[in-house]
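Asker: Quick one: the structure is below, questions incoming.
The values are calculated or read from the model by the stated rules, or taken from the named source; none is laboratory data. These numbers were taken from a predicted model, which means no experiment stands behind them. Here the Cβ positions follow ideal geometry from the backbone for every residue, glycine too, while neighbour counts run over all protein chains shown. SASA here: full protein model, heavy atoms, side chains in, ligands and nucleic acids out. Shrake-Rupley method; radii C 1.70, N 1.55, O 1.52, S 1.80 Å.
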Amino acid sequence: MSAGDLLMADRYCCTFAIIALLQAREIPVLFPIHARKKVDFSLDVRLGGRDHLIDWTKPKRKPVWMSKQDYSDLPESITVREFAVNGRIYLTTLLNAKGFHKQELAMLYKQRWKIALDFRSIKTNMGMEILRCKKPDMVSKEIAIHLLAYNIIRGNLAQAASLHEKIPRQLSFRSAVQLVIQAAKQMVGLTGNQLISALRELLKAMASTAIGKQKRKSQPRAVKRRPKPFPLLMVPRNEACLSL
């Protein structure tokens, strides 16, 4: 990441060390508050209703992933902004409440969920969950092909939505993948007006698979072990590769 980029992540990243390191690189952050962090909006500098600036003091115990020297180089305290929107508490290093309204920041963070859904679409709906290539350069090509196909399908969805006055995000990506697979088999031998007509019908079919406006489901913390066709990795990856 570069200076000025905004990092949005889940509450696991909301720690003193991570925030201090990013502040040193001039990278602002936006996280939900860590579950163990107790917030009192009556303390320090009040910016508005349930919105304030507060100084975080460096914990005595360092993270396991940092060396003692690196942790000692961190500042003794950092200034962060805590705010609440609709009962959910966020933390950010964008301290200007007038320039960065809390409602806008909360809405921006909600957009992050769409990125997670897009990665799920690429991995699950397009079958990239398990890569088949072995060599690094071939793995890169395999990922690139999946991303290319994803962008083509998203482009067709956007075109279908535009032609039929729909919103692209309200059209089913999974159905679009299935339609493209079936249509590709039938369009192999088509040319000219027949091909144009078939493409129009494909876009019309894509526009008919509306999924409506979805809300993010509540996902409590839990150990998730979905069934996989391979065993769990119980040793470091480099050791496992040497044993093959």
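Asker: Can you tell me which of (1) of a type outside the set (Gly, Ala, Ser); (2) within 19 Å of the chain's Cα centre (by Cα); (3) within 22 Å of Ile18 (Cα to Cα); (4) open to solvent by less than 60 Å² (accessible area, probe 1.4 Å) is the one Arg88 doesn't meet?
Answerer: Exception for Arg88: condition (4).
Asker: In segment 62-85, how many residues are over 25 Å from Leu43 (Cβ atoms), of a type outside the set (Lys, Arg) and open to solvent by 50 Å² or more (accessible area, probe 1.4 Å)?
Answerer: 7
Asker: For Gly192, all conditions in the list (1) open to solvent by 70 Å² or more (accessible area, probe 1.4 Å); (2) on the phi > 0 side of the Ramachandran plot hold save one; what is the number of the exception?
Answerer: Every condition holds for Gly192 apart from (1).
Asker: Considering each of Arg154, Arg169 in turn, give the residue that is farther than 21 Å from Arg200 by Cβ and among the charged types (D, E, K, R).
Answerer: Arg169
Asker: Something else now. Test Val223 against the criterion of being exposed (fewer than 13 other Cβ atoms within 10 Å of the Cβ) and modelled with pLDDT under 70, and give yes or no.
Answerer: Here the answer is yes, as Val223 does meet what is asked.
Asker: In addition: Quick one: how many residues across segment 105-147 are open to solvent by 50 Å² or more (accessible area, probe 1.4 Å) and over 19 Å from the mean Cα position of the chain (by Cα)?
Answerer: Of the residues in segment 105-147, 11 are open to solvent by 50 Å² or more (accessible area, probe 1.4 Å) and over 19 Å from the mean Cα position of the chain (by Cα).
Asker: Out of (1) among the hydrophobic types (A, V, I, L, M, F, W, C); (2) surrounded by 14 or more Cβ atoms within 10 Å (Cβ to Cβ); (3) in contact (Cβ under 8 Å) with a residue 24 or more places away in the chain; (4) within 30 Å of Phe230 (Cα to Cα), what's the single condition that is false for Leu157?
Answerer: Here Leu157 meets the rest and fails (4).
Asker: Let me ask something else about it. Which one is modelled with the highest pLDDT among residues in segment 186-214 that are part of a loop (DSSP other than H, G, I, E, B) and among the small types (Gly, Ala, Ser)?
Answerer: Ser208
Asker: Could I ask something else about it? Can you pull out the residues in segment 165-175 that are part of a loop (DSSP other than H, G, I, E, B) and closer than 10 Å to Ala210 by Cβ?
Answerer: Lys166, Ile167, Ser172 - these are the residues of segment 165-175 that are part of a loop (DSSP other than H, G, I, E, B) and closer than 10 Å to Ala210 by Cβ.
Asker: Residues Ala35, Ala3, Ala24: which one is open to solvent by less than 70 Å² (accessible area, probe 1.4 Å) and of a type in the set (Gly, Ala, Ser)?
Answerer: Ala3
Asker: Kindly indicate whether any position in segment 12-20 is at pLDDT below 95, open to solvent by 70 Å² or more (accessible area, probe 1.4 Å) and of a type outside the set (Lys, Arg).
Answerer: Within segment 12-20, one or more residues are at pLDDT below 95, open to solvent by 70 Å² or more (accessible area, probe 1.4 Å) and of a type outside the set (Lys, Arg).
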